[in-house]
Amino acid sequence: MKNILIIGATGQIGSELTMSLRGIYGNEHVVCGYIKGAEPKGELMESGPAEICDVTNPQMIAEVVKKYSIDTIYNLAALLSVVAESNPMLAWKIGIDGLWNVLEVARENGCAVFTPSSIGSFGPSTPAVQTPQDTVQRPRTIYGVSKVTTELLSDYYFNKYGVDTRAVRFPGLISYVALPGGGTTDYAVDIYYSAVKGEKFICPIAEGTYMDMMYMPDALNACVQLMEADPTKLVHRNAFNIASMSFAPEQIFAAIKEHKPNFEMEYQVDALKQSIASSWPDSLDDSCAREEWGWNPSYDLKSMTTHMLQQLEKKFQA
Ligand code: SER
């Protein structure tokens with residue numbers, strides 16, 4: 001049986017991944033690691049162990065790992081792309097100094113480590129359409145710089161010390177549970193909230209700007225599937241391209257309009273978000289993930305839209 005620690009467990013991915021892993025491995029085997037000011041609430045707090053675990057504090061990580069005999073760490077502590085631009089040093093401190101702490105604890109205690117990378121690890125000189133698994137990675141954002149470093153440092157610990165590091169490059173993640181907060185792809189979540197509230201959506205990303213996106217249930221499956229994969233089949237490790245859909249604002253708007261014919265959208269392009277979005281790929285080639293560990297997503301734009309709208313409507317009625 002695995003004993004798992006999730007660092008950043010109250011964030012966008014963590015709050016759902018923690019519950020999902022508790023369902024698979026048992027509540028007592030999944031520790032919700034959080035920081036002061038981002039305490040877990042409700043089911044997340046009540047259904048299993050929770051510990052303060054600041055990624056910038058190596059001793060704190062080591063204590064939690066020893067206390068619960070942790071063998072797998074999901075390191076989800078990070079700032080998203082837009083918010084990171086306003087505090088690059090903090091983005092580095094959490095993303096890289098933090099990762100270094102996690103990897104050292106993992107090396108000393110024999111833990112596997114999952115630290116997500118992103119479409120943000122690519123930049124304007126990367127081939128934009130069907131971006132290959134192995135290609136140019138020269139991002140211009142501090143988010144991207146820290147993600148490329150994350151990939152390299154994770155591979156370094158695998159090659160030098162045998163630490164079992166594995167990761168995916170997440171696209172923009174869409175969910176009705178926790179809001180992302182501070183990313184370039186957030187518009188693709190916000191648009192559903194506007195539609196359900198009956199408000200006009202002000203779109204910060206220009207028409208025709210394609211980015212890869214993914215519905216959260218597929219993203220959670222990716223984490224579990226990759227960490228359960230047969231290591232002998234993994235040619236790559238940090239980090240796999242994964243993809244399920246790529247769209248521009250006018251396409252997600254049209255998909256929502258099929259359910260809500262009166263829904264309206266207006267473009268007010270945000271210069272920072274647009275410059276980041278334009279520097280990221282339009283779509284990723286995820287054939288290595290499909291071949292090496294069986295990646296196979298379930299949701300496309302149409303099925304995600306139906307489910308998102310249903311779930312958000314339930315949420316707002318409650
Ligand atoms: N969702 C992230 C962001 O927009 C990208 O991985 O910052």
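The values are calculated or read from the model by the stated rules, or taken from the named source; none is laboratory data. Everything numeric here is computed off the predicted structure, so don't read it as measured data. When we count neighbours, we look across all protein chains shown, and the Cβ atoms used for this are built from the backbone with ideal geometry, even at glycine.
Structure values in brief
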quantity: Residue check, residue 145 within 16 Å of the ligand (Cβ to nearest atom), under 28 Å from residue 305 (Cβ atoms) and either at pLDDT below 95 or among the β-branched types (Val, Ile, Thr) (or both); calculated: no
quantity: Residue match in the range 166-182 (condition: within 17 Å of the chain's Cα centre (by Cα), under 29 Å from residue 272 (Cβ atoms) and without any contact (Cβ under 8 Å) to a residue 60 or more places away in the chain); calculated: yes
quantity: Enumerated strands (runs of 3 or more DSSP E) restricted to the range 24-94, each holding at least 1 residues that are more than 16 Å from the ligand (Cβ to nearest atom) and surrounded by fewer than 15 Cβ atoms within 10 Å (Cβ to Cβ); calculated: 50-52
quantity: Considering residues of the range 102-115 that are crowded, with 21+ Cβ neighbours inside 10 Å and not aliphatic (A, V, I, L, M) only, the residue nearest to the ligand (Cβ to nearest atom); calculated: 115
quantity: Single match in 181, 162, 198 (criterion: of a type in the set (Gly, Ala, Ser) and either surrounded by 15 or more Cβ atoms within 10 Å (Cβ to Cβ) or within 12 Å of the ligand (Cβ to nearest atom) (or both)); calculated: 181
quantity: Any hit, the range 95-113, residues being assigned to a loop (DSSP other than H, G, I, E, B) and more than 30 Å from residue 281 (Cα to Cα); calculated: yes
quantity: Of the criteria (1) over 15 Å from residue 170 (Cα atoms); (2) touching a residue at least 24 places away in the same chain (Cβ under 8 Å); (3) hydrophobic (A, V, I, L, M, F, W, C), which one residue 288 fails; calculated: (1)
quantity: Output for the range 169-222, where each listed residue is over 20 Å from residue 282 (Cα atoms) and β-branched (Val, Ile, Thr); calculated: 177, 196, 202
quantity: Residues satisfying the stated conditions in the range 11-39, i.e. under 21 Å from residue 56 (Cα atoms) and either among the aromatic types (Phe, Trp, Tyr) or in contact with a Cys (Cβ under 7 Å, 6 or more places away or on another chain) (or both); calculated: 18, 33, 34
